[in-house]
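Below: the structure, in structure tokens.
The values are calculated or read from the model by the stated rules, or taken from the named source; none is laboratory data. Because the structure is a prediction, the values reported are computed rather than measured. Here the Cβ positions follow ideal geometry from the backbone for every residue, glycine too, while neighbour counts run over all protein chains shown.
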Amino acid sequence: MTYVLGIDSSTQSCKAVLVDAASGEIVDQARASHPGGTQVDPAEWIAALDKATDGLLKKADAVAVAGQQHGMVALDKDNHTVRDAMLWNDVSSADAAAALVDELGGPKKTVDLTGSVLVASFTGTKLRWLRDNEPDNAQRVSKVVLPHDYLTWHLGQRQEFTTDHGDASGTGYYSTRERRFLPELAEQFLGHSVKLPRIAEPNEIVGRTSSGAAIAAGTGDNMAAALGLELQPGDVCVSVGTSGVASAWSKESVHDENGLVTGFADATGAYLPLACTLNGAKVLDFAANLLGVDHHGLSEMALAGNSSVTLLPYFDGERTPNRPHASGLLTGLRTDTTREDFARGVVEGLLCSMLDAIEAVEKAMGHKAKRVLLTGGAARSQAMQQLAPSIFGVDVILPAPGEYVALGAARQAAWALSGEDAPPQWDLAGTTTHSGEANPETVARYQKLRDLTASF
């Protein structure tokens, strides 16, 4: 039997799944925690990877790493880290991002050049921050790689730095239109030229582990999740975790000058346009805490309530739409409003916010979604499952709970091992479909509140 190992090196932990390459069945798995914070010593990621893969890696015929996107791993000429890695969620470079967009000629020209409007999460903005705030460290930088690149290099006995098109597309110095790095931009951002990893093809074997396992190119976490879910044309994947993400498979490069949609490449040779919200499952956490119930109780209350309360869930500002200084707003309260009505308004408000992300992706691609895949921690809520079709206006597919980022990395490893032109087809066990009548009235109330408060 042939086994492949998929590794998800996320912000919070490293998860490893050992998978039957023929069927996609998970036969074993393990995890190890990462330290908190927005700046982390990459040695901590290696320690967690080694712990999570202990006993699994030697059983694998191939392995791939999916990593948190955007993180800046700056290395000197001897491949030693110059400083702690700056992660995607480090917003120190927000001012640098705005300055670089202006420097590149504005949002339209930036999108035309790179596929996305630069924001603080992008690697290139962190290079500019480093130049301006730590000039001595900046001068020492010889190479810049991404988190998954660094771990792939470690697994490959530290031979060659490689990346893939998906993760490279989140740096800010990559052209999605031309599918290549733009080293001149990296030089412009940092102030001097640096070496960038070689971009491998999606099904390429880039090295071997010490035990002889083939190493696939790896990719970013969003790209791996799409691969694990086997995202198809016409699908939109909505993941509601710490943040909310709507992403879709696209044959063509997508360029949204409004900045709501990032035009990523995916892990297959196609593209993954993506819109992100800042307020995800924590909206449900807020409501459950306020009502003094657990998440199951919140779900039961929401399903028992009426659609009369409208929540704009911008508790910590918002990215889609771009309202960094916004806060939550609640309307529709009357003396006969119940706790159940409030709970329903919270769930519907979160779903309406995700609809904004879906519609941003649809507009950027030029066509509507045929179905929506609902994933992430909040997808476990019965209220989210049952109410989503009425808000989204299409059938909602609920994959079984699982580690889809790690599974996507495993699927990529199996693909590279096979030598085939396309990834293997694995059945997604336990998938269910939810249908329901559209609820345009609730959506209209939400959109009216959203538009009336644009200047808040």
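Counting only residues that are more than 20 Å from the chain's Cα centre (by Cα) and charged (D, E, K, R), segment 148-178 holds 4 of them. For segment 85-100, a residue qualifies if it is more than 22 Å from the chain's Cα centre (by Cα) and surrounded by fewer than 21 Cβ atoms within 10 Å (Cβ to Cβ), and the qualifying residues are 95, 99. When the strands (runs of 3 or more DSSP E) confined to segment 232-346 are screened for residues that are over 21 Å from residue 97 (Cβ atoms) and over 18 Å from the mean Cα position of the chain (by Cα), those reaching at least 1 such residues are found at 310-312, 329-331. Restricting 182, 229 to those that are hydrophobic (A, V, I, L, M, F, W, C), touching a residue at least 40 places away in the same chain (Cβ under 8 Å) and surrounded by fewer than 21 Cβ atoms within 10 Å (Cβ to Cβ) reduces the list to 182. Residues in segment 264-279 that are of a type in the set (Gly, Ala, Ser) and surrounded by 24 or more Cβ atoms within 10 Å (Cβ to Cβ): 265, 267, 275.
Are any of the residues in segment 265-276 out of contact with any Ser or Thr (no Cβ under 7 Å at 6 or more places or on another chain) and of a type outside the set (Asp, Glu)? Yes, there is a match, as at least one residue in segment 265-276 is out of contact with any Ser or Thr (no Cβ under 7 Å at 6 or more places or on another chain) and of a type outside the set (Asp, Glu).
Quick one: is residue 365 under 20 Å from the mean Cα position of the chain (by Cα), at pLDDT 95 or above and crowded, with 16+ Cβ neighbours inside 10 Å? For residue 365, the condition - under 20 Å from the mean Cα position of the chain (by Cα), at pLDDT 95 or above and crowded, with 16+ Cβ neighbours inside 10 Å - is not met. If you check residue 23 against the conditions, is it surrounded by fewer than 15 Cβ atoms within 10 Å (Cβ to Cβ) and within 14 Å of residue 406 (Cβ to Cβ)? Spelling it out, it is not the case that residue 23 is surrounded by fewer than 15 Cβ atoms within 10 Å (Cβ to Cβ) and within 14 Å of residue 406 (Cβ to Cβ).
So which of 400, 409, 383, 444 is at pLDDT below 95 and either assigned by TED's automatic domain parsing to the domain that holds residue 238 or under 25 Å from residue 277 (Cα atoms) (or both)?
Values: 409 fails: at pLDDT below 95; 383 fails: at pLDDT below 95; 444 fails: at pLDDT below 95.
After ruling out the rest, the residue left standing is 400.
Here are 357, 369: which of them is of a type outside the set (Asp, Glu), in contact (Cβ under 8 Å) with a residue 24 or more places away in the chain and in a helix (DSSP H, G or I)? Testing whether each residue is of a type outside the set (Asp, Glu), in contact (Cβ under 8 Å) with a residue 24 or more places away in the chain and in a helix (DSSP H, G or I) leaves just 357.
Residue 246 meets all of the listed conditions (1) at pLDDT 95 or above; (2) out of contact with any helix residue (DSSP H, G or I) (no Cβ under 9 Å at 6 or more places or on another chain); (3) under 29 Å from residue 385 (Cβ atoms) but one, namely (2).
Screening 316, 294, 256 for residues that are among the acidic types (Asp, Glu), at pLDDT 95 or above and in the same structural domain as residue 357 (by TED's automatic domain parsing) leaves exactly one candidate, 294. Here residue 395 clears all of (1) surrounded by fewer than 20 Cβ atoms within 10 Å (Cβ to Cβ); (2) over 30 Å from residue 68 (Cα atoms); (3) not hydroxyl-bearing (Ser, Thr, Tyr) except the condition numbered (2).
I need the full set of residues from segment 320-356 which are among the aliphatic types (A, V, I, L, M) and either surrounded by fewer than 24 Cβ atoms within 10 Å (Cβ to Cβ) or farther than 23 Å from residue 383 by Cα (or both), in order please. Scanning segment 320-356 gives 326, 329, 330, 333, 355.
If the condition is being without any contact (Cβ under 8 Å) to a residue 60 or more places away in the chain and hydrophobic (A, V, I, L, M, F, W, C), then segment 25-47 contributes 27, 30, 32, 40, 43, 47.
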